[in-house]
Amino acid sequence: MRADRLVSLVLLLRHHGRMSATALARELEVSKRTVLRDVDALSAAGVPIYAEHGRHGGFALLPGLRTELTGVNDDEAVAVLALGRGASADRLGLGPDLVSALRKVVDALPDAQMKTAGEAARRLLVDAETDLLPRRLSSDSVAAAVLGTVRRAVIAGRRLTLRYTARGGEPAWRTVDPVGLVAAGGRSYLLALRDGVDRTYRLSRITAATELDAPAERPERVDLDRLWQERCRRFLADDHLDVVVHVAPHRHDALLETAVTVRSLEPASPPDAEGRLPLHVTYQDAWHAEWALWRLGPDAEVVSPLPLRTTLGARALAMARAYGAAQLPGERCP
């Protein structure tokens, strides 16, 4: 443990140039006394570290000291730097270890490689906090060849031709200017421009991709996190269907698996006579709502909108007739 701390201390000084004992203690999460002991140990081991006294003093290294990291290629450097922008490490209790590893990689990369890898990593957003479809689904399956081509085009800043299948549509080729890649909730997305208009493509729906020689027409710099948040907000605001539905408590998880958003009605309404709670649910469109709610059978009853309630009721009656079921006394029909 102490060996790792000593390395981190040296890398901090390499990166910042000069740091006080207080600042080093804060970064390393140890006491000031421990920092002073570590500095003495490094000096005794021959590391050219020296103290500067005065108001703006601190510890520093003699110019020219640099660690070495061999065998790291551009893709590996991009992967480490992009991973450092996600939240998974903190969730696994590995946040400090990741920070320490990033310091070592950043310090050891040659300046040219560091600049290239840093710019590329800003085009990749790993483990975004918000997803376009914030519901629990299995992870997307993306062809390795497609993912590799798209990633290379994003990093190199070259145009792409994609064979893409929109939901409910036929496969079609389109040419786009890639802006960045986002991984969120087990799904991966390509943020791009098509004829200058924002577009978001789900990677699992891309069946083929070709990188072109032409440079992508896109902003030189991008705040991918902010851009992703904006696109998520637009997605949730545009062309969606809001549904009020009574749902049996034991089917809430099933509802969460398919809805875009689920929230209680305001003001909160009491359960109905069968103990079902009224919820306000958002779906992508009428087709999505019909498909999702039909799966819940009698455990979910649509209150509004009326066209969706009518469609589901007619579908249920048609199913009953097909199986020869008679309407029971007192049964409610839409």
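Numerical summary
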item	result
Rough spin-label spacing in nm, given labels placed 7 Å along Cα→Cβ, for T310 and L296	2.2
Extension gain, L212 back to A254 (0.36 nm per residue minus Cα-Cα distance, nm)	10.8 nm
Per-residue Cβ neighbour rank within 10 angstrom, fewest leading, M19, M319	M319, M19
For A208, residues with placed amide H under 5 Å, excluding near neighbours	R163
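Read-outs throughout are calculated quantities, based only on the coordinates presented, and are distinct from any laboratory measurement. Predicted model, so just to flag it, every value in this text is computed and none were measured. Here Cβ is always computed from backbone atoms with ideal geometry, including for glycine, and neighbour counts include all displayed protein chains.
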